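The values are calculated or read from the model by the stated rules, or taken from the named source; none is laboratory data. Every value quoted in this text rests on a predicted model; they were computed, and no experiment measured them. Counting neighbours? That spans all protein chains shown, and the Cβs are built from the backbone with ideal geometry, glycine included.
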Amino acid sequence: MGGGDAGDATSKTRVVVVGGGVAGAILARSMQFLADVVLIDPKEYFEIPWAELRSMVEPAFSDRSLVKHTDYLTNARVITSSAVNITENQVLTADGNSVSFDYLVIATGHAYSTPTSKQERLEQFQQDNQKIKSSQSVLIVGGGPSGVELAGEIAVDYPDKKVTIVHKGSRVLEFIGHKASKKTLDWLISKKVEVLLEQSVDLDSISEGDGVYTTSTGQKISADCHFVCVGKPLGSSWLQDSALRDCLNENRRLMVDEYLRVKGRSNIFAIGDITDIPEIKQGFLAERHATVVIKNLKLLMKGTKENKLAKYKAASPMAIVSLGRKEGVAQLPFATIIGCLPGLIKSKDLFVGKTRKTLGLVSST
Ligand SMILES: Cc1cc2nc3c(=O)[nH]c(=O)nc-3n(C[C@H](O)[C@H](O)[C@H](O)COP(=O)(O)OP(=O)(O)OC[C@H]3O[C@@H](n4cnc5c(N)ncnc54)[C@H](O)[C@@H]3O)c2cc1C
């Protein structure tokens, strides 16, 4: 283990971070000069997830929101592969690496099917943009944050295009309150977006073939193209047959204690969306988890006793969903606001400058 004094022993402590999303990237960056850090991620880059929808209508936006891991990890090792299993003290990767750890931090929030190279991801945004530009009508499957933000981007940038959202739930944005859903629905309707609730489109047979899509209730929708925005699967399938299988709850999230250690483990932490912390899953909270674990790793490396570790307290529900370039809807602890005020906070830059600054990138603009 990495106990002992903070001199040479500390610099040799091996910290392995699995998952280079919001939580893992921030943690790996902060620890890289204090320990031997290895980051394992299937993509060679960190992607700011909430900038994706803007990049589809404005591909030039994506260059700042995709950051190669090696640009902010100048003193860490990056393995571009997926973790596939874990033993008591090693992580095994798909490309055949066995990586030993003193401390492990699991931050595999969601599994992405996006390209592994930044260049290919940039090209994907160009293709998505061409698809939108060359279509008169667009079908969006899914009315969660991705579907709503994409509809907002298209409706504001291309007001003449017909946008339809098909959502299987009874309201859009079910992850936040009813008031926010209703205000968002009204906003979408005011922008001439058609919203079909409690209907779905069969994703196994979906194709852009004849431009007609049939929903689960038999309704026909004409659209020149479609985008599937149904949310990404949790990144915990690799743990299901691992030494941590009993630490997954019924929703396949990792159970953590108040210090954000995986239940029953003294040297394995979990942060971000993968955890079972009873709070809304948001990047700014993933960042807070990372901050607590950075503190705890530093304390543990100095030999601090367990009861002196930093604790994490679940946060109140708070989220902002952008609605095009200037507006947004915000769920705050005591109020729900829609319009330019939440838009001012999020929608122009989508926190890209702030996130780049957190990663220590010299040019945050
Ligand atoms: C449309 C939309 C808008 C949002 N807007 C906001 C917002 O404005 N503010 C906000 O705070 N939050 C927002 N969120 C939520 C935010 O994106 C998530 O809470 C955040 O990304 C969680 O971070 P994470 O690091 O836990 O997981 P992720 O960001 O999902 O990262 C997980 C990482 O783990 C990697 N991974 C997965 N499986 C493996 C494996 N087996 N081996 C190795 N690596 C693996 C993935 O490649 C990825 O890099 C938004 C989400 C969406 C969808």
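Data for the structure
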| read-out | value |
| --- | --- |
| Some residue of region 117-125 being under 26 Å from Asp246 (Cβ atoms), without any contact (Cβ under 8 Å) to a residue 60 or more places away in the chain and more than 16 Å from the ligand (Cβ to nearest atom) | no |
| Qualifying residue in region 62-72 (condition: away from the ligand (no atom under 13 Å from the Cβ) and among the aliphatic types (A, V, I, L, M)) | no |
| Of all residues making up region 186-224, the number that are assigned to a loop (DSSP other than H, G, I, E, B) and either of a type outside the set (Ser, Thr, Tyr) or farther than 23 Å from Gln136 by Cα (or both) | 20 |
| Residue in region 169-186 that is more than 25 Å from Cys340 (Cα to Cα) and not basic (Lys, Arg) present | yes |
| Residue check, Gly231 modelled with pLDDT under 95, surrounded by fewer than 22 Cβ atoms within 10 Å (Cβ to Cβ) and within 11 Å of the ligand (Cβ to nearest atom) | yes |
| Those helices (runs of 4 or more DSSP H) lying entirely in region 268-363 with at least 1 residues among the aromatic types (Phe, Trp, Tyr) | 283-301 |
| Filtered residue count, region 263-284, keeping only those that are more than 7 Å from the ligand (Cβ to nearest atom) and closer than 18 Å to Val22 by Cβ | 7 |
| Residue count, region 288-330 (criterion: polar (S, T, N, Q), crowded, with 20+ Cβ neighbours inside 10 Å and away from the ligand (no atom under 14 Å from the Cβ)) | 1 |
| Test: Gly235 is touching a strand residue (DSSP E or B) at 6+ places or on another chain (Cβ under 7 Å) and at positive phi | no |
| Leading residue by the ranking (farthest from Ala111 (Cα to Cα)) among those in region 36-50 that are hydrophobic (A, V, I, L, M, F, W, C), more than 8 Å from the ligand (Cβ to nearest atom) and free of Cβ contacts under 8 Å to residues at least 60 places away in the same chain | Val37 |
| Any hit, region 241-252, residues being among the small types (Gly, Ala, Ser) and either part of a strand (DSSP E or B) or over 18 Å from Val22 (Cβ atoms) (or both) | yes |
| Answer residue from region 160-185, given it is in a helix (DSSP H, G or I) and touching a Ser or Thr at 6+ places or on another chain (Cβ under 6 Å) and is surrounded by the most Cβ atoms within 10 Å (Cβ to Cβ) among those | Ala180 |
| Unique residue being of a type in the set (S, T, N, Q), surrounded by fewer than 18 Cβ atoms within 10 Å (Cβ to Cβ) and within 11 Å of the ligand (Cβ to nearest atom) when the list is Asn85, Asn75 | Asn85 |
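This table checks each residue for (1) at positive phi; (2) over 18 Å from the mean Cα position of the chain (by Cα); (3) buried (at least 17 other Cβ atoms within 10 Å of the Cβ).
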| position | (1), (2), (3) |
| --- | --- |
| Ala111 | no, no, no |
| Thr116 | no, no, no |
| Gln119 | no, yes, no |
| Gln126 | no, yes, no |
| Ile132 | no, yes, yes |
| Gln136 | no, yes, no |
| Val148 | no, no, yes |
| Gly152 | no, yes, yes |
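Here's the yes/no breakdown for (1) under 30 Å from Ala155 (Cα atoms); (2) among the β-branched types (Val, Ile, Thr); (3) under 22 Å from the mean Cα position of the chain (by Cα):
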residue: Asp204; (1), (2), (3): yes, no, no
residue: Phe227; (1), (2), (3): yes, no, yes
residue: Leu260; (1), (2), (3): no, no, yes
residue: Ile280; (1), (2), (3): yes, yes, yes
